[in-house]
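Reviewing the structure listed below.
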Amino acid sequence: MNFFKHFRHNHRPDLNAELQSHLQMSANDHQDRGASRQQASEAARRDLGNIPLIQQTARDHRPIVAALDDLAQDLRYAFRTLRKNPGFTLVAILTLALGIGANTAVFSVIHSVILRPLPFAHSDRLVWFNGKFPLSDLADVSPPDFLDYRASNHSFDRLVAMNNDPSPSNLSGDRSEQVLVSIVTANFFETLGIPSLLGRDFTPTDEQFEIPQSVILGHGIWVRTFGSDPSIVGKTIRLDGTSVTVVGVLPIDIPLLSEAQIWLPTPMLNPGMQHRRGHFFKAIGLRKSNVTQAQAVADMDAIADRLSHQYPDTNQGWSLRQRPLAEVLIGPVRPAMVLISGAVGLLLLVACGNVANLLLARSTARQREFAVRWALGASRGRMIRQTLTESVVLALAGGMIGIFGAIWLVRLLPAIAPSSLPRLNEIQINTTVLLFTAGTSLLTGLVFGLIPALQTSGRAFTDALKASVRNTASGSQRRTASILVVCEIAMSLTLLVGAGLLLKSFWLLTQVDPGFETTRVVTADLGLNIPAYTEDAKRFRFWQEFESRAAALPGVESVAATSELPLNGEHNDSSFYIDGRTYSPSEFDDANFREVSNSYFSTMRIPLLSGRSFAAQDTASSPGVVIVNEAFANQYFKNQHPIGKRLRFASASKPEVEIIGVVGNIHHESLSESRAPEMYVPFAQDPTAQMHIVIRASANPENLAAALKEIVTSIDKDETLSDFRTLDAIRDASIAQPRFSTQLLGIFAALALLLAAVGLYGLMAYSVTQRINEIGIRVALGATRADILTLILRRGALLALCGIAVGLVASVALSRLLTSFLFGVRPTDPLTFSAVAATLAAVALAASYLPAHRATRVDPNTCLRHE
């Protein structure tokens with residue numbers, strides 16, 4: 001109220017001051033003409049009414065002040081009325097807080113993850129490139145191709161690239177630690193608009209080496225490991241046993257693009273960078289401001305066409321696919337966010353229906369009050385405004401409480417959300433979210449308050465004044481309340497069907513056999529220092545020493561290693577040729593490629609279907625061998641026996657290999673993806689510096705971490721193990737996204753069901769109260785308790801059936817939107833629809849039974865005496 005007093009007093013003094021000024025000026029004029037002071041004052045007052053400016057000022061201020069007075073009066077009356085009904089007020093506010101709080105929390109996620117621009121300058125002009133060829137349009141780019149595109153294009157201010165995924169490297173110091181490292185091309189951070197906190201970005205000069213000579217530190221590791229040393233630039237650190245010079249420090253980490261903690265320049269003179277078949281660069285371009293997307297596509301296609309003619313053996317059929325960087329980084333989570341936002345929107349509508357019904361019931365009790373106000377001269381618009389004021393006050397109060405609930409949910413989010421959710425650490429309740437909450441609260445108040453306001457103000461007030469002391473709802477109000485309940489039930493059923501489909505889909509996903517056993521298996525990452533272990537023989541000797549010592553640990557059943565771990569989000573494929581088949585230029589076959597130790601299949605419990613497994617005789621000096629999976633054999637050797645067939649690789653330590661065995665299929669990418677063709681080569685013939693250790697134990701394998709670390713450091717003090725996880729945890733993490741969506745939608749659906757049940761219960765309870773006299777008369781005339789119970793339940797059942805029917809129709813239409821989220825379940829799964837409808841019917845029946853049971857206990861004598 002202080003605001004309105006302040007406003008009025010701030011306008012009336014201005015008006016009074018202006019009036020006094022004009023009075024004084026007019027009086028002075030009359031005195032100049034010879035009038036006395038009293039005569040001049042009286043003449044000035046007579047002249048005041050003829051001053052247009054004063055009249056206009058008065059007309060301008062009077063409506064504003066009057067409107068504020070009315071609003072202040074409505075607010076005072078609303079607060080007083082709500083304070084007199086604390087039970088109603090508390091239930092309404094908490095119901096709205098539930099819906100508004102859920103919407104606020106979800107909007108904070110959507111705003112931070114999707115709506116906010118990427119943390120890069122000119123993010124609308126940043127473009128992501130994928131290599132596109134007949135087998136895939138999501139391939140990476142080879143370094144030589146990247147250099148050609150960078151040098152020849154006319155559409156991009158800069159073109160930069162980074163390697164596939166960050167790799168573990170050993171950072172030597174007082175305590176050796178394993179860090180994640182990515183390589184990037186010159187001007188990478190300048191292209192993204194990330195200025196260096198200290199030092200500089202990489203330059204073309206940094207690329208002209210066979211082994212990187214400089215590094216840029218991520219902000220996190222600079223703070224954590226180097227103590228925020230302001231003089232770090234120019235100092236040398238040892239990374240993978242090699243001294244490198246720190247040339248810069250980033251102001252932020254950029255997990256959106258990479259989890260890397262340290263960044264290296266691409267060593268373009270390294271032999272591994274010279275192969276056009278080696279596609280492992282992810283390219284990003286900053287499109288020129290005066291170039292359209294179509295022009296950029298035409299420009300890069302022209303370069304691709306030139307390269308296909310210049311290098312037909314490697315580039316024929318290749319081109320670049322261009323996509324906005326935001327689409328690549330944020331696009332995968334957008335459908336889930338839209339789904340969840342739709343769910344909380346329905347939840348809020350159910351809450352609005354509930355409170356609208358409460359207001360309708362309350363307005364029936366106040367009908368004589370409104371009739372009296374109408375008789376005293378209150379207009380219909382004034383009574384609508386008063387009712388809407390009360391509903392808006394309720395909504396704003398619910399919004400305030402909802403904000404606290406949203407803050408709690410946002411703080412809880414990191415513990416329940418999948419780590420794959422981008423920008424998770426940026427989610428917060430900020431000014432934009434608060435404005436959204438305020439707008440949502442205001443709109444909610446208008447939505448659920450408008451129907452009761454119109455119903456109340458539209459009644460025949462003369463009839464209300466003549467009515468008995470017991471107020472009764474009109475037919476229109478009863479129909480409106482019934483429609484609201486039907487809509488609540490329908491929306492609840494729609495949410496429940498969606499949650500049921502996702503729940504069944506998630507359950508089927510958890511039942512998928514990955515093709516290997518995950519129990520009692522621990523994994524760890526090991527990255528050997530490249531300079532110290534450049535030779536394959538040294539890498540293999542290290543592995544042999546580690547394997548023999550680890551196998552001797554108590555409780556260890558078997559020890560193995562692999563270059564790529566299943567369900568870990570890693571991908572590596574290789575092109576090959578099958579002996580005896582003819583290929584056109586730039587044509588090849590392709591399959592996933594893994595380097596594994598001899599005991600990998602037995603440790604992972606991947607069955608050998610035919611042929612033999614790797615053995616001690618498969619050494620670096622023996623003929624090359626390969627094991628393929630069943631999907632590989634079916635795709636490339638259909639109706640043939642693959643054992644003994646020979647494959648040729650374009651670039652490998654063993655260019656020609658013989659298939660010696662076929663193993664079972666596994667789900668490598670994810671449990672929901674089909675099983676892809678895979679090739680396995682023995683670690684002895686192609687030892688990689690980066691590997692995943694796999695240990696199967698007879699008991700809890702997590703207890704082995706300290707002993708395994710000690711084995712590694714005893715072999716080489718500059719090496720260490722990192723990222724200890726069980727295979728069960730990796731499997732659980734691989735389905736974290738569908739689990740998260742299922743949990744959220746299930747929670748919102750359960751809340752909607754609860755609100756719908758409460759709404760139906762409230763309507764039936766109020767109906768019983770309204771019909772108490774009728775029930776008493778029926779009992780007095782001989783109606784049994786069963787008759788009364790049937791009478792009340794019949795209406796509840798009718799409302800529930802109508803809501804279920806409407807909900808089923810809506811669910812059939814909307815469930816198709818869930819197709820991309822479902823695994824092994826049809827959007828119109830009849831079992832799910834039947835189970836949800838039956839559950840909702842049972843809940844509705846229970847909600848109706850309690851008021852019906854109370855009706856059977858009515859004393860007819862009391863009712864008749866009252867009548």
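The values are calculated or read from the model by the stated rules, or taken from the named source; none is laboratory data. Model, not experiment: these values are computed from the prediction. In this analysis, Cβ positions are derived from the backbone assuming ideal geometry, glycine residues included, and neighbour counts consider all displayed protein chains. Accessible surface areas use protein heavy atoms only, side chains included; no ligands, DNA or RNA. Shrake-Rupley method; radii C 1.70, N 1.55, O 1.52, S 1.80 Å.
General remarks:
- All positions within the stretch 518-528 that are open to solvent by 20 Å² or more (accessible area, probe 1.4 Å), under 27 Å from Glu630 (Cβ atoms) and touching a strand residue (DSSP E or B) at 6+ places or on another chain (Cβ under 8 Å): Arg520
- Residue within the stretch 519-536 that is touching a residue at least 60 places away in the same chain (Cβ under 8 Å), of a type in the set (A, V, I, L, M) and under 28 Å from Ala749 (Cα atoms) present: no
- Considering Val626, Val681, Val694, the condition of being in contact with a Leu (Cβ under 7 Å, 6 or more places away or on another chain) and either assigned to a loop (DSSP other than H, G, I, E, B) or buried (at least 16 other Cβ atoms within 10 Å of the Cβ) (or both) is satisfied by Val626 alone.
- Of all the listed residues (Ser834, Ser815, Ser767), the sole one being out of contact with any Phe, Trp or Tyr (no Cβ under 9 Å at 6 or more places or on another chain) and touching a residue at least 40 places away in the same chain (Cβ under 8 Å) is Ser767.
- Condition check for Leu446: part of a helix (DSSP H, G or I) and surrounded by fewer than 19 Cβ atoms within 10 Å (Cβ to Cβ): yes
- With respect to (1) open to solvent by less than 40 Å² (accessible area, probe 1.4 Å); (2) over 14 Å from Ala351 (Cβ atoms), the lone exception for Lys84 is condition (1).
- Of all residues in the stretch 182-206, those satisfying the criterion of being under 17 Å from Phe281 (Cβ atoms) and either in a strand (DSSP E or B) or of a type outside the set (A, V, I, L, M) (or both) are Ser182, Ile183, Val184, Thr185, Asn187, Phe188, Phe189, Thr191, Phe202, Pro204, Asp206.
- When the test is whether a residue is open to solvent by less than 20 Å² (accessible area, probe 1.4 Å), closer than 28 Å to Phe107 by Cα, β-branched (Val, Ile, Thr) and in a helix (DSSP H, G or I), Thr819 does not pass it.
- Residue in the stretch 767-782 that is in a strand (DSSP E or B) and more than 32 Å from the chain's Cα centre (by Cα) present: no
- Answer from Asn164, Asn153 - the residue that is within 28 Å of the chain's Cα centre (by Cα), touching a residue at least 60 places away in the same chain (Cβ under 8 Å) and over 16 Å from Val215 (Cβ atoms): Asn164
- Selection within the stretch 822-838 - among the polar types (S, T, N, Q) and either assigned to a loop (DSSP other than H, G, I, E, B) or open to solvent by less than 50 Å² (accessible area, probe 1.4 Å) (or both): Thr828, Thr832
- Residue within the stretch 710-728 that is surrounded by fewer than 19 Cβ atoms within 10 Å (Cβ to Cβ), outside any strand (DSSP E or B), modelled with pLDDT of 90 or more and under 39 Å from the mean Cα position of the chain (by Cα) present: yes
- Counting the residues of the stretch 521-552 that are within 23 Å of Glu177 (Cβ to Cβ) and not basic (Lys, Arg) gives 18.
- Residue match in the stretch 240-253 (condition: open to solvent by less than 50 Å² (accessible area, probe 1.4 Å), within 27 Å of Phe281 (Cβ to Cβ), touching a residue at least 60 places away in the same chain (Cβ under 8 Å) and within 36 Å of the chain's Cα centre (by Cα)): yes
- For the stretch 303-318, the criterion of being part of a helix (DSSP H, G or I) and farther than 30 Å from His275 by Cβ is met by none of the residues.
- Residue within the stretch 178-196 that is under 34 Å from the mean Cα position of the chain (by Cα), of a type in the set (Asp, Glu) and under 23 Å from Ile530 (Cα atoms) present: no
- Selection count where residues are out of contact with any Phe, Trp or Tyr (no Cβ under 8 Å at 6 or more places or on another chain), part of a loop (DSSP other than H, G, I, E, B) and open to solvent by less than 50 Å² (accessible area, probe 1.4 Å), scope the stretch 629-662: 4
- Residue in the stretch 207-218 that is assigned to a helix (DSSP H, G or I) and either out of contact with any Pro (no Cβ under 6 Å at 6 or more places or on another chain) or acidic (Asp, Glu) (or both) present: yes
- The stretch 349-381: number of residues that are among the hydrophobic types (A, V, I, L, M, F, W, C), open to solvent by 20 Å² or more (accessible area, probe 1.4 Å) and either within 23 Å of Pro86 (Cα to Cα) or at pLDDT 65 or above (or both): 4
- Across the stretch 256-301, the qualifying residues are those that are of a type in the set (Val, Ile, Thr), over 24 Å from Phe593 (Cα atoms) and in contact (Cβ under 8 Å) with a residue 40 or more places away in the chain, and the one among them that is surrounded by the fewest Cβ atoms within 10 Å (Cβ to Cβ) is Val291.
- Scanning the stretch 517-566 for residues that are in a loop (DSSP other than H, G, I, E, B) and in contact with a His (Cβ under 8 Å, 6 or more places away or on another chain) yields Ser563, Glu564, Leu565, Pro566.
- Near pairs, Cβ below 7 angstrom, 6+ apart or cross-chain, from the stretch 553-579 (free of Cβ contacts under 8 Å to residues at least 60 places away in the same chain) to any residue that is open to solvent by less than 40 Å² (accessible area, probe 1.4 Å) and among the aliphatic types (A, V, I, L, M): Asp573/Ala591
- Residue match in the stretch 567-585 (condition: within 43 Å of the chain's Cα centre (by Cα), open to solvent by less than 20 Å² (accessible area, probe 1.4 Å) and within 19 Å of Gly664 (Cβ to Cβ)): yes
- Selection count where residues are open to solvent by 70 Å² or more (accessible area, probe 1.4 Å) and under 18 Å from Leu94 (Cα atoms), scope the stretch 433-443: 2
- All of (1) in contact with a Pro (Cβ under 7 Å, 6 or more places away or on another chain); (2) surrounded by fewer than 18 Cβ atoms within 10 Å (Cβ to Cβ) hold for Leu115 with one exception: (1).
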